[in-house]
């Protein structure tokens, strides 16, 4: 199987989250506020316990869904995981 060219890969942004939550809570919040189609476009994926990777074009929608939920807070957004750990 061939690997995708770098220009064809999705560009990810990493969100550092804070609050009392688990994976299921995050999925429910995103689905509630941006729906199934928005969820599939964002393709959220946990990299670490409190770091969520999302598609670059959907970062603002994901942040807005967390603001509306008031349960989870986005502390920082970065293009690399290393940028969040500082």
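Worth a mention:
- Qualifying positions in segment 42-72 - surrounded by 14 or more Cβ atoms within 10 Å (Cβ to Cβ) and more than 11 Å from the chain's Cα centre (by Cα): 69, 72
- For segment 51-78, the set of residues classified as under 24 Å from residue 9 (Cβ atoms), out of contact with any helix residue (DSSP H, G or I) (no Cβ under 8 Å at 6 or more places or on another chain) and not in a helix (DSSP H, G or I) consists of 53 only.
- Filter result (farther than 11 Å from residue 46 by Cα and either assigned to a helix (DSSP H, G or I) or modelled with pLDDT of 90 or more (or both)) within segment 4-19: 5, 6, 7, 8, 11, 12, 13, 18, 19
- Number of positions in segment 11-28 that are loosely packed, with under 14 Cβ neighbours inside 10 Å and touching a strand residue (DSSP E or B) at 6+ places or on another chain (Cβ under 8 Å): 3
- Verdict on residue 31 being in contact with a helix residue (DSSP H, G or I) (Cβ under 6 Å, 6 or more places away or on another chain), free of Cβ contacts under 8 Å to residues at least 24 places away in the same chain, surrounded by fewer than 17 Cβ atoms within 10 Å (Cβ to Cβ) and outside any strand (DSSP E or B): yes
The values are calculated or read from the model by the stated rules, or taken from the named source; none is laboratory data. Remember, it's a predicted structure, so these values are computed and weren't measured experimentally. Virtual Cβ from ideal backbone geometry, glycine too; neighbours counted across all protein chains shown.
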